[in-house]
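S.K.: The structure's right below; bear with me while I get my questions together.
The values are calculated or read from the model by the stated rules, or taken from the named source; none is laboratory data. These numbers were taken from a predicted model, which means no experiment stands behind them. Counting neighbours? That spans all protein chains shown, and the Cβs are built from the backbone with ideal geometry, glycine included. Ligands, DNA and RNA are excluded from the accessible area calculation, which covers all protein heavy atoms including side chains. Shrake-Rupley method; radii C 1.70, N 1.55, O 1.52, S 1.80 Å.
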Amino acid sequence: MIDREQVHKVAHLARLNLTPEEEEQFTTQLGNILGYFEQLNELDTSQVEPTTRAIDVSNVTRADITKPYENREAILESAPNREGEFFRVPQIFSEE
Amino acid sequence: MTTAAPVKTQYEAVIGLETHVQLKTATKIFCNCSTEFDTPPNQNVCPICTGMPGVLPVLNRTVLEYAVKAGLALQCQIAAYSKFDRKQYFYPDLPKNYQISQYDLPIAEHGWLEIEIPDSDGKPMRKRIGITRLHMEEDAGKLVHAGSDRLSGSTYSLVDFNRTGVPLAEIVSEPDMRSGREAAEYAQELRRILRYLGVSDGNMQEGSLRCDVNISVRPVGQSEFGTKVEIKNMNSFNAIQRAIEYEIERQTEALESGDRIIQETRLWEEGAQRTISMRVKEGSSDYRYFPEPDLGPIEVTAEQLKQWQSELPELPAQKRRHYEDELGLSAYDARVITDDRAIAEYFEATLAAKANPKLAANWIMGDISAYLNENRVSITEIALQPTALAELVQLIEANTISNKIAKDILPELLTKGGSAKELVEKKGLIQISDTSVIEAAIDAVMAAHPDELQKYRGGKTKLLGFFVGQVMKQTSGRADPKLTNQLLAQKLNG
């Protein structure tokens, strides 16, 4: 289903640091969740077109007209850290 | 029987380009924020482009139109069913931790464009470069690394999301190019097409056109590709060409000395004119694409497609052929005139007013272009109308004015406009083709310069130019130069 190595990899992709105990715990829990969903595979869907959405609607578009958002300050304020008009983020490590 | 000397292995490069172009819309791809360049940090942001929970992105219909038009102009098949996907990666320039892009069902695929490179005789060599795909996506934000101008050494970074959500088209070519020259030409032709369509301004300095190069080298005759290297960070067509030439040499030397090429991303260093390794581990990217649940699929109707197709202008390659084959322009002239759509249209309007194509082209490429460059204006901003240029060309062709007079009055026509014919009449600049009038002027000149006349007759025939100049001065430049030369030669020798 899912092994610890995959959990480790996904955690890495999501920039999460898991302790060995957490890795173990999530391997079991994610395995259970995936196992539950695995029931869906009992159905034969070989004749069914893949569905990416539940609602059958296409070509939803809008006109190219500018409308500035008025509460920019709230967005800046909602960040954990800002510096003037910038968002401030911790030191970025280049990919190892 | 002769014994063949050991032949040195010949290598060839295999080159493909990945180009990101900014689509020239007023608003971002999925929200109503402005795409304006150079505004204060985080001026053009909203909950959608900053990825707040619960927001709903909606596709800008002009982005779709521009992407489809670009796809059509690149001879692509437009997808009957297309969708957006989430590309997951974690970097602070991306507020949502995913980029909305298109993965397996891009809006356009399987196209081509034609490049034209003049050979040493000036004859055009044409080559088709395949377009693998074109898809729509959003741009990321901009990072400013504090405490250092480089990422390494900075203690923290500042993020500006103004660019986040700016619409891009990513255009991927087939690995059909074999030299830096071909790649640079491909990139230029691509930009020319996009500018003709008016869907992008293609400004490389401002980052609205960015090219990444994929390049490998292999022995000629080998069908498998060599190990591919990606080059980034070139901000001119010239840099694309030189980065590729550098890389071909580097890879060929490595192969010749038995080294292995490492699959990696390299950066072009403009100052040092070389590529350097970014030392990024390849093959580790795992974007976990999945369909974007917030955006519905796109099904361009046949009717809509027909409408957009009908709005496409004549494209540069078509114009080049038309100018060469039907108007008799040289490949070089056709390339220069068609480089910019506004100039090509100006040229065509001049022809519509019945100007000789070659003469009109010469004026546009010569004095008019010089004026445009000097004053940093576009051809649509000058007062000289195509009809007036046609008049000017006709006046020269009919021998009513000399080329010299035409050059003299051009500045006034460029800045004040009006009719060339009326200006010539008003200023009394009509060429003198009356033999007796020119002869009278010659006689006067000869009488005024007896010393020069003596020297000329003594064998110093180079003085002919002096006499021509004097006759022109005498007639305010209006004497027919050809006739003046003829008559002078007769009189001086007589």
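S.K.: For chain A, what does the alpha-carbon gyration tensor say about shape, rounded, prolate or oblate, given a ≥ b ≥ c as the root eigenvalues, a/c under 1.5 as rounded, and a/b over b/c as prolate?
M.R.: oblate
S.K.: Put B:Arg341, B:Arg260, B:Arg335 in order of accessible area, largest first, 1.4 Å probe: what do you get?
M.R.: B:Arg260, B:Arg341, B:Arg335
S.K.: Springs between alpha-carbon pairs under 10 angstrom, Gaussian network model over chain A: which of A:Asp44, A:Asp56, A:Asp64 fluctuates most?
M.R.: A:Asp64
S.K.: Quote the accessible area belonging to B:His20 in square angstrom, nearest 10, computed with a 1.4 Å probe and with ligands, DNA and RNA left uncounted.
M.R.: Probe radius 1.4 Å; accessible area of B:His20 about 30 Å².
S.K.: Express in nm, to one decimal, how much length is gained between B:Lys491 and B:Glu270 on full extension, taking 0.36 nm for each residue of separation and deducting their alpha carbon distance.
M.R.: 73.3 nm
S.K.: Would you mind pulling out the separation of the Cα centroids of the range A:19-39 and the range B:215-259, in Å?
M.R.: Using only Cα atoms, the two centres lie 46 Å from each other.
S.K.: Kindly provide the GluC sites (Glu not before Pro) of the range B:174-234 that DSSP labels as loop, not H, G, I, E or B, and whose Cβ sees at most 12 other Cβ atoms within 10 Å.
M.R.: Details: sites: B:Glu182, B:Glu185, B:Glu189, B:Glu206, B:Glu224, B:Glu230; in loops: B:Glu206, B:Glu224.
Answer in residue order: B:Glu206, B:Glu224.
S.K.: Still on this model: For A:Val48, B:Val468, give the ranking by accessible area with the largest first, probe 1.4 Å.
M.R.: A:Val48, B:Val468
S.K.: How many nm is it between the label spots at B:Ala342 and B:Glu314, if each spot is 7 Å from the Cα in line with the beta carbon?
M.R.: The answer from the label model is 2.0 nm.
S.K.: Under a GNM of chain A (C-alpha, springs under 10 Å), which listed residue has the highest mean-square fluctuation: A:Glu42, A:Glu22, A:Glu77?
M.R.: In this elastic network of chain A, the residue with the biggest mean-square fluctuation among A:Glu42, A:Glu22, A:Glu77 is A:Glu77.
S.K.: Mind checking the mean number of beta-carbon atoms from other chains within 10 Å of the Cβ atoms in B:47-54? Don't skip to the end; give the middle numbers.
M.R.: Working: counts 5, 1, 2, 7, 0, 3, 0, 0.
Mean shielding by partner chains, rounded to a whole number: 2.
S.K.: Oh, and also: Separation of the range B:42-95 and the range A:50-96 by C-alpha centroid, Å?
M.R.: 12
S.K.: Distance in nm between label sites at A:Leu30 and B:Thr380, each 7 Å beyond Cα in the beta-carbon direction?
M.R.: Calculated label separation equals 5.4 nm.
S.K.: In the range A:1-79, which trypsin sites (Lys or Arg not before Pro) are in a loop and have at most 12 other Cβ atoms within 10 Å, using DSSP for the loop call?
M.R.: Passing both the DSSP loop test and the Cβ count: A:Arg15.
S.K.: Continuing with this model, one more query. In the Gaussian network model of chain A, springs joining C-alpha atoms below 10 Å, which of A:Asn81, A:Asn17, A:Asn32 carries the largest mean-square fluctuation?
M.R.: Fluctuation is largest for A:Asn81.
S.K.: At 0.36 nm per residue, and after removing the present C-alpha to C-alpha distance, how many nm does the segment from B:Lys407 to B:Gln205 gain when stretched out fully?
M.R.: 69.2 nm
S.K.: With angles folded into 0 to 90 degrees, how steeply does helix B:386-397 sit against the dominant principal axis of chain B? Use alpha carbons for both and round to 10.
M.R.: Rounded to the nearest ten degrees, it is 40.
S.K.: How far apart, in nm, are two points set 7 Å out from the Cα along the Cα-to-Cβ line at A:Gln39 and at A:Asn81?
M.R.: In this crude spin-label approximation the distance works out to 4.6 nm.
S.K.: So which trypsin sites (Lys or Arg not before Pro) in the range B:74-165 are both in a DSSP loop and have at most 15 other Cβ atoms within 10 Å of their Cβ?
M.R.: B:Arg150
S.K.: Using a Cα-Cα cut-off of under 23 Å, which lysines could be cross-linked to A:Lys67, ignoring same-chain neighbours fewer than 8 residues away?
M.R.: Within the straight-line limit of under 23 Å, A:Lys67 reaches these lysines: B:Lys24, B:Lys28, B:Lys96, B:Lys142.
S.K.: Something else now. With charges only on Cβ, +1 for K and R and -1 for D and E, what is the dipole size of the protein assembly as shown about its Cα centre, in debye, rounded to 20?
M.R.: Values: 66 positive and 88 negative charges, 505 e Å.
Its charge dipole is roughly 2420 debye.
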